[in-house]
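Every read-out reported here was derived from the displayed coordinates using simple, explicitly stated rules and does not represent laboratory data. This is a predicted model, so every value here is computed, not measured. Backbone-built Cβ (ideal geometry, glycine too); neighbour counts: all protein chains shown.
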Amino acid sequence: MFVSTDPADLLDSALALVAATETDEDFPRLRVGLATGVAVSRAGDWFGSPVNLASRVTGAAPAGTVWVTDAARTEIGDAADIDWSTVGPRHFKGVRAEVLVHRASRS
């Protein structure tokens, strides 16, 4: 788990990490789910709705991809080197409403 106050920097790091592991046959392919919101740090760990949501999104993302919730996508905005595609609305365990999910990749 990575935590950052800047979702654009977090996305940049996630994309770089996924890309770096794609070339190493001995390393498992990574999947990333990114969500934003207020989380609480306690005893060296993080808790809260965005932590749970990011975990659920990660679990649904195919290996080698970075999926981003719509709220995080809105906060990140349009970076020149990021390609976005809409995965669609998804239901995640423990989340009441559907969550619109996007896939982020390098241009």
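Determine the calculated [θ] at 222 nm for the chain from helices alone, applying -39500 (n - 2.57) to every DSSP H run no shorter than 4 residues and normalising by the residue count; nearest 500 deg cm²/dmol. Walk me through the numbers on the way to the answer.
Working: 3 runs with 35 residues, N = 107.
Here the helix-only value at 222 nm equals -10000 deg cm²/dmol.
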Per-residue HN-Hα couplings for region 99-107, Karplus 6.51 cos²θ - 1.76 cosθ + 1.60 at θ = phi - 60°, whole Hz, x for Gly and Pro? 10, 6, 10, 10, 9, 10, 8, 6, 5
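With +1 assigned to the C-beta of every Lys and Arg and -1 to the C-beta of every Asp and Glu, and no other charges, what is the dipole magnitude of the chain about the Cα centre in debye, to the nearest 20?
Values: 10 positive and 14 negative charges, 128 e Å.
Dipole about the Cα centre, nearest 20: 620 debye.
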Take the alpha carbon atoms of region 3-66, find their center, do the same for region 88-107, and report the distance between the two centers in whole angstrom. 13
